[in-house]
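Reading through the structure tokens given below for one structure.
The values are calculated or read from the model by the stated rules, or taken from the named source; none is laboratory data. Being a predicted model, the structure only gives us computed values, none of them experimental. In this analysis, Cβ positions are derived from the backbone assuming ideal geometry, glycine residues included, and neighbour counts consider all displayed protein chains. Ligands, DNA and RNA are excluded from the accessible area calculation, which covers all protein heavy atoms including side chains. Shrake-Rupley method; radii C 1.70, N 1.55, O 1.52, S 1.80 Å.
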Amino acid sequence: GENVEQHPSTLSVQEGDSAVIKCTYSDSASNYFPWYKQELGKGPQLIIDIRSNVGEKKDQRIAVTLNKTAKHFSLHITETQPEDSAVYFCAPRGTGGFKTIFGAGTRLFVKA
Amino acid sequence: NAGVTQTPKFQVLKTGQSMTLQCAQDMNHEYMSWYRQDPGMGLRLIHYSVGAGITDQGEVPNGYNVSRSTTEDFPLRLLSAAPSQTSVYFCASSYSGSPNEQYFGPGTRLTVT
């Protein structure tokens, strides 16, 4: 079945620094690549996504890059702020189906 | 729009008891799903539905039943609770087509003693 790995599992940065989280997947048919943010006590919420016909997408301080050949995509957060502290999940999805396999999550700490 | 709502927020069960976790959405989404979240394991798909009357199993379906009689509601039933089912349960919904964003409810924290 689909295998999804996220690295690192924990990331600690100083406020203002950049953070990068990488997601590797095995299903070459995947064509939708979202990143979700989960704050303490809440459900995950989509923060950015990308489709397989696009290599990069940016939304203010966050960006996602996709390398379909190598089967990985990454979340980039610049100028990190304390409110960016949360758990981030990738959840690549393939065509023709609804099943979504989530990565194990990356806990990001932004130190003020 | 209320989005995705879940009840209850917290529940404690004894081993062997049964209960139903409620999930409702008011966005007219075709797709709905149930996930469980355990420490260090991300979210694992239990059951999902692509429309009223249609359900299918996810990664970890054993011990759970679902039904989808309306577009809005997707209840999850625990038939005979076990301590291994102690977890946080999330319901999610999405459109069948683009965009594929999933909207999550606030979760139900279940403890089985």
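Quick look at the numbers
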| quantity | calculated |
| --- | --- |
| Residue-wise HN-Hα coupling along the stretch B:43-55, computed from phi with Karplus coefficients 6.51, -1.76, 1.60 (Hz; x: Gly, Pro) | 10, 10, 6, 9, 9, 9, 9, 9, x, 4, x, 10, 9 |
| Cβ neighbours within 10 Å from other chains - mean over B:39-46 | 5 |
| Computed lengthening from residue B:109 to residue B:84, 0.36 nm per intervening residue step minus Cα-Cα distance | 7.7 nm |
| Dipole in debye (nearest 20) - chain A, about Cα centre, beta carbon charges: Lys, Arg +1; Asp, Glu -1 | 280 |
| Relative contact order (percent, whole number), the stretch B:1-61, Cα cutoff 8 Å, 6+ residue spacing | 24 |
| Average partner coverage of A:46-53, which counts Cβ from other chains inside 10 Å | 2 |
| Interface area, A with B, accessible, probe 1.4 Å, both sides summed, Å² nearest 100 | 1700 |
| Volume per residue that the Cα convex hull of chain A spans, once the total is divided by residue count, Å³ | 95 |
| Subset of A:71/A:111; A:71/A:99; A:37/A:58 violating a 27 Å alpha-carbon distance limit | A:71/A:111 |
| Partners for residue A:57 among aspartates and glutamates (Cα-Cα distance below 18 Å; same-chain residues under 8 apart left out) | A:49, A:79, B:101 |
| Within straight-line cross-link reach of residue B:9, lysines at Cα separation under 16 Å, skipping those fewer than 8 residues along the same chain | A:42 |
| Inter-probe distance in nm under a simple model that places probes 7 Å from Cα toward Cβ, at residue A:20 and residue B:2 | 4.4 |
| Interchain or long-range residues, amide H under 5 Å from residue A:48's placed H | A:35 |
| DSSP-loop trypsin sites (Lys or Arg not before Pro) across the stretch B:10-113, with at most 13 other Cβ within 10 angstrom | B:14 |
| Of all accessible heavy-atom area on the stretch A:56-112, the percent that carbon and sulfur account for (1.4 Å) | 48 |
| Computed FRET value (nearest 0.05) for residue B:57 with residue A:60, which takes r as the C-beta separation and R₀ as 41 Å | 0.60 |
| Karplus-derived 3J(HN,Hα), 6.51/-1.76/1.60, for each residue of the stretch A:104-112, Hz, glycine and proline x | 6, x, 10, 8, 9, 10, 10, 8, 6 |
| 12 Å beta-carbon shell around residue B:87, net charge (K/R +1, D/E -1) | +2 |
| Where labels lie 7 Å past Cα in the beta-carbon direction, separation of residue A:40 and residue A:104 in nm | 2.3 |
| Cβ-derived FRET efficiency at R0 30 Å, residue A:83 paired with residue B:20, nearest 0.05 | 0.25 |
